[in-house]
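First up is the structure itself, then whatever we jot down about it.
The values are calculated or read from the model by the stated rules, or taken from the named source; none is laboratory data. Values in this document were obtained by computation on a predicted structure and should not be read as measured data. Glycine also receives a Cβ, built like all others from the backbone with ideal geometry; neighbour counts cover every protein chain displayed. To get the accessible areas, we keep the full protein, side chains included, count just its heavy atoms, and leave off ligands, DNA and RNA. Shrake-Rupley method; radii C 1.70, N 1.55, O 1.52, S 1.80 Å.
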Amino acid sequence: MTSSSDRSPAVDVSSPKTYEVRTYGCQMNVHDSERLSGLLEEAGYVPAPEGSDGDADVVVFNTCAVRENADNRLYGNLGRLAPRKASRPGMQIAVGGCLAQKDRDTIVKKAPWVDVVFGTHNIGKLPVLLERARVQEEAQVEIAESLEAFPSTLPTRRESAYAAWVSISVGCNNTCTFCIVPALRGKEKDRRTGDILAEIEALVGEGVSEITLLGQNVNAYGSDIGDREAFSKLLRACGTIEGLERVRFTSPHPRDFTDDVIAAMAETPNVMPQLHMPLQSGSDTVLKTMRRSYRQDRYLGIIEKVRAAMPDAAISTDIIVGFPGETEEDFEQTMHVVRQARFTNAFTFQYSKRPGTPAATMDGQIPKEVVQSRYERLVALQEEISWDENKKQVGRTLELMVAEGEGRKDGATHRLSGRAPDNRLVHFTKPDQEVRPGDVVTVEITYAAPHHLLAEGAVLDVRRTRAGDAWEKRNAQEAAKPAGVMLGLPQIGVPAPLPVATGGCAAH
């Protein structure tokens, strides 16, 4: 039974309070921030005007703990807000996410002006904790040790009207030595298939035409019930939902990537020919030290099977350079895999210590200059491959889902941007007729760069969609709101591609 103290408090609607959410880290955090925003709006708060930069009644930091300097970044931002809070009576600051789960009481000790600290397992308590801090006039620190409610049961303010994240599991059962996620988000907990499909059907009913299934180790879905084919069955079930045009998922683990998943991808028309498959290292020795439960041959075998089933699939990856103990020979094995796999793109990053992980205290930490040199060589190789693979797209006719906020130069170039079925970013000539985010256009690719394609000719076809209608309706509603329209989240548009590599938070 829910007590009155646990219900979401109502904010005085005669003078609505504003909020801003600042998000760091992986796509799981971005999705959690959509939940936090929904909770605050249900409690009566309204988004602060875009660009308010901390000038809100409530500022929420949704933190990440996978970088060595994550805490420095947080405390620097909190320090910049301290004088503003001192001069603004009633302003509140909350800190949640992975760093809050890890550091808990330390945050209030280092930044006593923080009002609320909450963890990854109890994001639903944020409005209650804010109200309790206001009434009791003291900081509220509440960290749950296990999941209180599956995040998808919480209200949501989604950043896109036409594309959505759908969480199918939380937590992770792996023990990668570079990753702190299992300690902060707990063991894997799967969501009921019926609940997932019901959410997708509801989203499609609202106009969403693309969904991305989200999990820390997404293709391990089913481990709770002992069904190793649960994920492939879920993909096939998504194929039966009328109006759902595009299905993606992230991030899988090679250990659990089975043949039935490849078959489901190839045989389900609305599952897109795109795969993000984290590699981390091409060296069997380093993979063993990382506690990654596959080896080079297994990884390349998966890539070969995917390409056989879906020749046009675009495959991306994550790679760590300079893991403790990595030799030049180990690094060359990574380069070998990159040459063999021919990734469309790779999120490459230099190893950095994650406090609390086994790798942080391992012998054989690599000197910075060695890591930098290897990193530059890897990036140069991948850039060359990405460009070569993109050149193969020139002359192809592709259907693009028009995206919002993906082309930074679109205004100056009089172009629009969209995503191909394989998730490649395409900038195309703006047609004479109106085209909205969520609509679908058909174009011919005329030019390739390493990270994008161009369609410089006239658009061949425009298909107005229910997703475009949803975007138009939402924008009209937002424009009618008096207190600003956009929330302080990263502009994600379609929830693929992945955010810039986070160093392992969701890249397992």
**Message:** Would you confirm, using the coordinates I've provided, whether residue 112 is out of contact with any helix residue (DSSP H, G or I) (no Cβ under 9 Å at 6 or more places or on another chain), modelled with pLDDT of 90 or more, surrounded by fewer than 24 Cβ atoms within 10 Å (Cβ to Cβ) and not β-branched (Val, Ile, Thr)?
**Reply:** yes
**Message:** When the residues of the range 91-109 are narrowed to those that are open to solvent by 30 Å² or more (accessible area, probe 1.4 Å), assigned to a helix (DSSP H, G or I) and of a type outside the set (Asp, Glu), which ends up nearest to residue 17 (Cα to Cα)?
**Reply:** 108
**Item:** Complete set of residues in the range 233-254 that are buried (at least 18 other Cβ atoms within 10 Å of the Cβ), more than 29 Å from residue 288 (Cα to Cα) and β-branched (Val, Ile, Thr)
**Value:** 247
**Request:** Would you check if residue 337 is aliphatic (A, V, I, L, M), buried (at least 19 other Cβ atoms within 10 Å of the Cβ) and modelled with pLDDT of 95 or more?
**Result:** yes
**Item:** Pick from the range 282-334, criterion in contact with a Lys or Arg (Cβ under 7 Å, 6 or more places away or on another chain) and under 18 Å from residue 265 (Cβ atoms), ranking: surrounded by the most Cβ atoms within 10 Å (Cβ to Cβ)
**Value:** 314
**Item:** Filter result for the condition that a residue is within 27 Å of residue 203 (Cβ to Cβ) and assigned to a loop (DSSP other than H, G, I, E, B), over 468, 438
**Value:** 438
**Complete:** Selection from the range 19-45 of residues open to solvent by 10 Å² or more (accessible area, probe 1.4 Å), touching a Gly at 6+ places or on another chain (Cβ under 7 Å) and farther than 28 Å from residue 318 by Cβ yields 20
**Fill in**
Reported set for the range 258-275 where residues are of a type in the set (A, V, I, L, M, F, W, C), more than 13 Å from residue 247 (Cα to Cα) and either open to solvent by 20 Å² or more (accessible area, probe 1.4 Å) or not in a helix (DSSP H, G or I) (or both) is 263
**Request:** Tell me, please, whether a residue that is in contact with a Pro (Cβ under 7 Å, 6 or more places away or on another chain) and buried (at least 24 other Cβ atoms within 10 Å of the Cβ) can be found in the range 67-90.
**Result:** no
**Request:** State the number of residues belonging to the range 404-429 that are assigned to a loop (DSSP other than H, G, I, E, B) and either at pLDDT below 95 or over 26 Å from residue 164 (Cβ atoms) (or both).
**Result:** 7
**Residues of the range 369-409 that turn out to be open to solvent by less than 30 Å² (accessible area, probe 1.4 Å) and acidic (Asp, Glu), as a count** = 1
